[in-house]
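Structure first, then comments.
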Amino acid sequence: MSQVLERDETGDESMNIAHAPKTLDAHAKQAAIAGDRPLRILLPSYRSNPTTGGQGVYMRHIAKALADMGHQIDVISGPPYPELDPRVKLIKLPSLDLYANPHPIRSLRPWMFAWPIDLYEWWSHATGGFSEPYTFCERMARYVRGTVSDYDVCHDNQTLGWGLLKLRDMGLPIVGTIHHPITMDRRIDIAHAKTLKLRLFKRRWYSFLNMQMKVARELDPLIVVSESTRRDIVREFGVKPERTRLVLHGIDHVQFRPMPHIKRRDDLIVACASADVPLKGLIYLIRAYAELLKTRPNLKLRVIGRLREGNTSDELRELGIMDKVEFIGGITDEQITEIYNEATIAISPSVYEGFGFPAGEAMSCGTPVIATNGGSLPEVVGDAGIVVQHSNPAALATAIGALLDDPEARARLGAAGRERILAKFKWERAAREVTEIYRQTIADADRRSEHARA
């Protein structure tokens, strides 16, 4: 079930489902705190489709797991919209979606001057900025105003916009989640830019980070998805460590599973990585693969993702292996599961990861994994995989070659990976832990409110 904030041709906005504010009395609030009734949870996310990255994967699975517990879940999202369980209500909050517009600069319309948020989003995009976290949160605050009492708690999915603080000031308890600090993306992205103009452009694009850092410092609690993320947001964002709460992500162990009917090959390495995002480290895997081809000319590399023009395509041409690497995009989770079950080894070559879903999903399929020590990957892999230094093609090539030559080690690591996911990374566990945080946050907000009234 979804509801949409609609914009007509004049720029006016209307809600196609009317809200009737509900008064949350003291008895109902205490029942929410004590766990005597399901919670009413608002989950904001400015971009939520799983194809946009880990934040979309997180939204789909945490919403389902919370619905499994009996909670009432409303996801409020900008485009591209999420894929959700039927029990979860989707509130579509349209943006200008300028990245999907083939001519974004020419999209300026007179009605935008009547609604400053639209005009700002267009101007920011036209000048090389990225304003979606800010504009989404402002639209959300406007939408939710007057209906705050419909919800017990708001759990933000790393939008970290000023509008969240407006919701808090309206009386809605706020829980934040940070998957990893985007300052890491900015640093790596700028370092890989080939020209001064491109470096300046990237600095401009990442200017939204100033807002996110300031909002993160205001939120209490902040859920972090790994100890690595906790350390990094304390250092990079200036967040107080006592405000953080660790809740590891889950892995969809039902979808990503061993498939005994698929024969595992002995000549196929697989990676799930964006070719145009330096943070994902694909270029280092390609260099390692080029080295391995010198002694293993029949070795195959398959990348789950699309190849675009940029550093990666330039590297493939320079190495003369453009036709050797297979890129596959736009496929389903079932097809990805089949690829992992066919693969000899799955590689996670990231320079940095806040969590690392692809590594966990491959492990859940019983595929032996080689990962780097970038960010939280060692926390995901543990002793059920091989961990090497990030940004080091030679280390990757050595580890891949050794594992290709050791079928017994591959079988042992594959079985250990599946066992580790089942023991530590189920979404049911994550949902229970965030629910405990919700109830404590509601209780803390209630105490502060009582103290202010006293």
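Show me the strands (runs of 3 or more DSSP E) entirely contained within the range 290-376 in which 1 or more residues are touching a residue at least 12 places away in the same chain (Cβ under 8 Å) and within 19 Å of the chain's Cα centre (by Cα). Full working, then the answer.
Details: elements: 300-304, 325-328, 345-348, 369-372.
Hits in the range 290-376: 300-304, 345-348, 369-372.
For the range 132-143, check the following and say yes or no: at least one residue is of a type outside the set (Asp, Glu), over 17 Å from Ser77 (Cα atoms) and surrounded by 14 or more Cβ atoms within 10 Å (Cβ to Cβ). Steps first, answer last, please.
We begin by selecting, within the range 132-143, every residue of a type outside the set (Asp, Glu); these are 133-137, 139-143.
Add one more test, that the residue is over 17 Å from Ser77 (Cα atoms), and what stays is none.
Within the range 132-143, not a single residue is of a type outside the set (Asp, Glu), over 17 Å from Ser77 (Cα atoms) and surrounded by 14 or more Cβ atoms within 10 Å (Cβ to Cβ).
Regarding Ser391, is this residue closer than 24 Å to Val351 by Cα and out of contact with any His (no Cβ under 7 Å at 6 or more places or on another chain)? Break it down into steps so the answer makes sense when it comes.
Working: closer than 24 Å to Val351 by Cα: yes; out of contact with any His (no Cβ under 7 Å at 6 or more places or on another chain): yes.
So Ser391 passes the test.
Considering only the range 24-34, I want to know if a residue exists there that is of a type in the set (Lys, Arg), assigned to a helix (DSSP H, G or I) and modelled with pLDDT of 70 or more. Outline the logic, then answer.
Initially, the range 24-34 is screened for residues of a type in the set (Lys, Arg), giving 29.
Going one step further and asking which of them are assigned to a helix (DSSP H, G or I), we end up with 29.
So of that shortlist, the ones also modelled with pLDDT of 70 or more come out as none.
No, there is no match, as no residue in the range 24-34 is of a type in the set (Lys, Arg), assigned to a helix (DSSP H, G or I) and modelled with pLDDT of 70 or more.
Starting from residues that are in contact (Cβ under 8 Å) with a residue 24 or more places away in the chain and touching an Asp or Glu at 6+ places or on another chain (Cβ under 8 Å), keep the ones in the range 57-68 and report whichever is surrounded by the fewest Cβ atoms within 10 Å (Cβ to Cβ).
Among those that are in contact (Cβ under 8 Å) with a residue 24 or more places away in the chain and touching an Asp or Glu at 6+ places or on another chain (Cβ under 8 Å), it is Asp68.
So which pairs qualify, if the first residue must be in the range 85-106 and closer than 14 Å to Ser45 by Cα and in the same structural domain as Asp118 (by TED's automatic domain parsing), the second must be at pLDDT below 75 and among the aliphatic types (A, V, I, L, M), the Cβ gap must be under 6 Å, and the two must be at least 6 apart or on different chains?
Short answer, once both residue conditions are applied: Lys89/Met1; Lys92/Val4; Leu93/Leu5.
For Ile76, work out the one condition from (1) touching a Pro at 6+ places or on another chain (Cβ under 7 Å); (2) surrounded by fewer than 20 Cβ atoms within 10 Å (Cβ to Cβ); (3) within 18 Å of Leu160 (Cβ to Cβ) it doesn't fulfil.
Ile76 satisfies all of (1) touching a Pro at 6+ places or on another chain (Cβ under 7 Å); (2) surrounded by fewer than 20 Cβ atoms within 10 Å (Cβ to Cβ); (3) within 18 Å of Leu160 (Cβ to Cβ) except (2).
I need the full set of residues from the range 396-413 which are surrounded by 14 or more Cβ atoms within 10 Å (Cβ to Cβ) and in contact (Cβ under 8 Å) with a residue 60 or more places away in the chain, in order please.
Passing the criteria: Leu396, Ala397, Ile400, Gly401, Leu404, Arg410.
Residue check, Phe327 against (1) among the hydrophobic types (A, V, I, L, M, F, W, C); (2) touching a Phe, Trp or Tyr at 6+ places or on another chain (Cβ under 7 Å); (3) surrounded by fewer than 22 Cβ atoms within 10 Å (Cβ to Cβ), all met but one. Which one?
(2)
The values are calculated or read from the model by the stated rules, or taken from the named source; none is laboratory data. Nothing here was measured: the structure is a model prediction, and the numbers come from that model. All Cβ positions, glycine included, derive from the backbone under ideal geometry; neighbour counts span all protein chains shown.
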